Structure formats: structure tokens, C-alpha cells
Amino acid sequence: MDAVIVGAGTFGASLAWRLVRAGERVTLVDQYEPGDGRASSGGETRLLRCAHGPDREYPLLARRARALWRELEQESGERLYVECGLAWFAHREDGWEAESERALAALAIPCERVDAARLYPSFRADDLVFTLLEPEAGVLRAQRAVRALAAQARRHGARLLRARARPDGARARLEDGTCLEGDVVVWACGAWLPRLFPGVVELTVTLQELLFVDGGPAWRAPGVPAWVDYDRARYGTPDLDGLGVKAAVDEEGPEVDPDDELRCAATTEPRVRSYLAERFPALAEAPLRGARACRYELTRDTHFVAARHPEHPAVWLVGGGSGHGFKHGPALAERLAAAFEGAPLPERFGLGPRAPSRSMRTAGAAASAGRQGGPA
Ligand SMILES: Cc1cc2nc3c(=O)[nH]c(=O)nc-3n(C[C@H](O)[C@H](O)[C@H](O)COP(=O)(O)OP(=O)(O)OC[C@H]3O[C@@H](n4cnc5c(N)ncnc54)[C@H](O)[C@@H]3O)c2cc1C
């Protein structure tokens with residue numbers, strides 16, 4: 001099979017790695033170097049967790065992806081996944097966390113209720129009913145992982161091209177006029193997908209901030225788990241690689257153009273600080289170490305897009321990571337490779353209108369309500 005893949009983020013680069021290792025001929029095209037900070041996959045770190053409320057499909061996808069990231073580590077000799085665990089802070093006995101606990105237990109994926117005060121150097125739990133720990137969740141070194149995927153794909157024989165492409169019927173046309181054809185032509189173009197396929201792919205592109213504070217040695221990974229407060233749409237990671245403790249508001253930021261320059265004004269700092277003061281009092285006054293901006297490419301229901309183009313059977317559209325897609329890259333690539341041979345993909349990844357539904361990312365009810373500045 002000849003495969004042309006446009007977009008070397010987690011979805012495209014994972015697919016290139018998967019196909020070329022299966023003996024297929026692969027051309028991987030990106031307008032930037034893999035891991036560039038303008039791509040959603042270009043951040044330093046991304047969470048890997050299996051809990052997705054009552055959902056049973058994403059946990060299995062994430063679990064499979066964990067094994068494949070480990071395989072990439074073996075192959076590349078790089079340490080890409082830090083299994084520091086991840087704690088879910090539950091405000092209700094019958095919420096997202098309890099549903100996750102039941103789903104993970106049924107799938108034999110480890111999780112347990114713990115005393116969170118033992119996990120963190122400083123912790124306040126007055127508003128929590130329990131804490132659910134996923135001990136085998138953790139943090140991926142995302143940018144390095146994407147670079148490793150592309151490098152390993154190249155090592156196995158994939159051709160990597162740096163160029164901007166646009167669709168031309170079933171082909172990919174590069175700026176210099178070159179046309180690329182394949183048995184499959186996959187567009188895994190992140191936030192740029194709706195512009196390339198107007199009326200076919202619908203995504204909202206928003207600006208998201210990530211803040212890093214200096215917590216000192218006590219907060220370093222892997223000794224401290226990552227955390228998610230789903231109902232309050234807040235999450236963070238321990239200090240990995242000296243970046244500082246990451247803390248973010250997972251409410252949808254302002255809509256942006258994918259080609260706009262990414263500037264981080266740290267507008268979420270007051271809300272991040274107020275959360276840190278409540279939950280991790282020792283971090284309340286921790287100096288700001290850094291701030292980053294990144295783009296979400298959101299479907300209405302936060303389920304991914306992975307589907308054949310309605311008019312061109314060889315063309316596939318893949319994206320809509322919706323703030324939780326990174327971890328799944330290598331596992332979704334396996335599903336796509338099988339789909340090229342005729343296996344079905346989940347219907348909910350199809351094109352067409354989507355009804356808004358509960359967020360699969362780390363944001364519960366507060367997610368959209370907080371757009372443009374909600375409560376702390
Ligand atoms: C702040 C933030 C936090 C997140 N946290 C997590 C998390 O903790 N865990 C998690 O699993 N996920 C997380 N995500 C989501 C995850 O990062 C994304 O869903 C995922 O990286 C999207 O990957 P992608 O391959 O679809 O897109 P991208 O990584 O954006 O890759 C698309 C690529 O296509 C290229 N491209 C686009 N158009 C063209 C063209 N015309 N020609 C050539 N190349 C083109 C781009 O240059 C880019 O490299 C987070 C995202 C953000 C922004």
C-alpha cells in the first residue's frame with residue numbers, strides 16, 4: 001500500500017510509524033518540523049489516563065496506547081512516559097470519578113481510592129468526597145514523543161517532506177505543484193482541518209493556557225502524581241524536567257485562527273492561583289516559572305474524527321483531538337490501519353453534525369460555561 005499522510009502530530013506520525021513498520025510505503029508531510037510548538041502535539045507534556053467516566057472505549061484505547069508508547073521507548077531508546085500516577089478529585093459519590101472507577105474495574109485497569117494527603121506535599125480536601133488514583137497513569141513527554149515517532153518512521157523507510165499541502169480531489173498538492181497520490185491519503189491536520197475541508201469537518205479552535213509554577217524539589221515527578229478536578233475543570237502535573245508544576249484551567253478559551261501567532265498573556269493566572277491556594281496551599285505563592293499557549297481543536301461532543309471523505313474513498317480525515325487526543329495516537333493508528341483493510345471505526349468518529357455532550361477531556365460541567373472567564 002502507498003500511504004500519504006499530511007500532518008505529523010500524534011495522529012499522523014503515529015500512523016506513519018504503524019504503517020511503515022507493517023511494510024507499507026509511507027510519505028509523511030508537514031508544514032513544520034514534527035513537534036513544532038504551533039501544533040497541538042508540540043507541548044512538552046500531556047497526560048495519559050484511562051478513566052473516561054462511564055465510557056469503555058477510550059479506556060481501552062488509552063491502555064493500548066500506553067503499551068505502544070512503551071514500545072516506542074524501547075525502539076527509540078528514549079524515556080517518553082513517566083508513570084507518576086494520576087489522582088481524580090471527586091466532589092460527589094455518584095459523579096465522573098465513581099463512574100470511572102466502575103468502568104476501570106470492569107476492564108481490569110488499576111485504580112483505587114486513596115488518602116490524597118499522602119500523595120502531595122501539601123493538600124486540602126475539605127470539599128472532596130474521595131480521591132481516585134490511577135497508579136499506572138502518568139505524563140508523556142509529548143514533543144519528544146512526536147519527534148521519536150517521526151524519527152522511527154523515517155528509520156523504517158518513511159519519506160518525510162516539509163511542505164504545506166492542500167487537497168486536490170483525492171490527491172495532496174504541495175505548494176511547489178507536486179501532487180502526491182496514494183492508496184490512502186490521510187489528512188491529520190489538527191486545527192487546520194476545517195479550513196482544508198470546509199463543510200466536511202467542523203471544529204472549533206480555541207486558545208488554551210498552561211501555567212508552570214516553581215514548587216521546589218518536593219513537587220518533582222515521579223514522586224508526585226498528576227491530578228484532575230473534573231467537576232471544576234482544573235488539572236495539573238508534577239514538576240517534570242524542571243519545567244515547574246503545571247496547572248491549567250480546562251475551560252474553553254477564546255476562538256483563534258490556526259495561523260495566528262501563539263501568545264500567552266497568562267490571563268488564567270488568577271483562577272489557577274486561587275485553585276492552587278485552595279487545593280495545594282504550599283503552592284499559593286509559588287513563583288510563576290512559565291506560561292504557554294496551545295490550541296484545542298474541538299468537536300462539539302469531544303469525540304475524535306476518523307472517517308473516510310464522503311466523495312473520495314481513498315481520502316481519510318483524522319483529528320478533533322478535543323483536548324484529550326494526544327495519548328491515544330499510536331492506538332488510534334492501529335484502528336485506522338485496520339480500517340484501511342475494511343474494519344469498522346467507532347460510529348461516533350464519523351463526519352456530520354454532532355450533538356453537544358459530556359466532555360471527554362478533563363473538564364466537567366464547567367467546561368463551556370467558563371468560556372471567556374468563568375468562576376475560579
Ligand atoms: C493545552 C493543551 C493540553 C492538552 N492536554 C492533553 C493531555 O493532557 N492529554 C492528551 O491526551 N491530550 C491533550 N491535549 C490534546 C492533544 O494535544 C491534541 O488532541 C493532539 O495533540 C492533536 O494531535 P493532531 O495530530 O490531531 O494535531 P497536531 O498535533 O496539531 O498536528 C497536526 C499537524 O498537521 C500539520 N498541518 C496542518 N495543516 C497542514 C498542511 N496544510 N500541510 C502540511 N501540514 C499541515 C501541522 O503543522 C501539525 O504538525 C491537549 C491539548 C492542548 C492544546
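The values are calculated or read from the model by the stated rules, or taken from the named source; none is laboratory data. All figures in this text were calculated on a predicted structure; none of them were measured in a lab. Cβ placement follows ideal geometry from the backbone for every residue including glycine, while neighbour counts extend to all protein chains displayed. Accessible surface is based on the protein model in full, side chains and every heavy atom, while ligands, DNA and RNA are left aside. Shrake-Rupley method; radii C 1.70, N 1.55, O 1.52, S 1.80 Å.
Points to keep in mind about this one:
- Each residue of the stretch 164-169 was assigned a 3J(HN,Hα) from its phi angle through the Karplus curve 6.51 cos²θ - 1.76 cosθ + 1.60 (θ = phi - 60°); the sequence is 8, 10, 9, x, 9, x Hz, with glycine and proline shown as x.
- A crude spin-label estimate for the pair H91 and E311, with each label 7 Å from Cα along the Cβ direction, gives 4.6 nm.
- The simple Förster model, with R0 at 35 Å and r as the Cβ-Cβ distance, assigns A117 and A67 a FRET efficiency of 0.60.
- FRET efficiency for E341 and E75, using Cβ-Cβ distance with R0 set to 22 Å, rounded to 0.05: 0.40
- Accessible area in square angstrom per residue, the chain, 1.4 angstrom probe: 39 Å²
- Choice from A22, A191, A163 with maximal GNM fluctuation in the chain (Cα, 10 Å cutoff): A22
- Normalised by the number of residues in the stretch 200-260, the mean separation of alpha-carbon contacts (under 8 Å, six or more apart) gives a relative contact order of 41 percent.
- Of the solvent-accessible surface of the chain, computed with a 1.4 Å probe and all protein chains present, 48% belongs to carbon and sulfur.
- Helix runs (DSSP H) in the chain reaching 24 Å along axis by Cα, Kyte-Doolittle at least 1.6: none
- Computed extension gain for D241 through E285, at 0.36 nm per residue and net of the alpha carbon distance, reaches 13.7 nm.
- Most mobile listed residue (G352, G42, G290) in the chain, GNM with C-alpha springs under 10 Å: G352
- In range of the label at D183: residues from the stretch 277-319 whose backbone nitrogen is under 12 Å from the point 7 Å along Cα→Cβ: none
- Extension gain for R300 to D126 (0.36 nm times residue separation, less C-alpha to C-alpha distance): 59.3 nm.
- Shown are M1, M360, whose ranking by accessible area with a 1.4 Å probe and every protein chain present, most to least, is M1, M360.
- Under 5 Å from the amide H of R159 lie the amide H atoms of V26, T27, L28, each residue being 5 or more positions distant or on a separate chain, with H modelled from the backbone and absent for Pro and chain starts.
- Where L128, L104 fall by accessible area, highest first, once all protein chains stay in place (1.4 Å): L128, L104
- Coordinate range along principal axes, alpha carbons of the stretch 215-353, Å, largest first: 55, 32, 27
- Under a Gaussian network description of the chain, with springs only between Cα atoms under 10 Å, the residue in Q74, Q208, Q143 that fluctuates furthest is Q74.
- When the residues R220, R361 are ordered by accessible surface, computed with a 1.4 Å probe over the protein chains alone, the sequence from largest down reads R220, R361.
- Ellipsoid equivalent to the chain - semi-axes via the Cα gyration tensor, in Å: 34, 21, 20
- Here the simple spin-label model places points 7 Å from the Cα toward Cβ, and for E175 and R220 these points are separated by 4.3 nm.
- Probe 1.4 Å - accessible area at D127, Å² to nearest ten: 60 Å²
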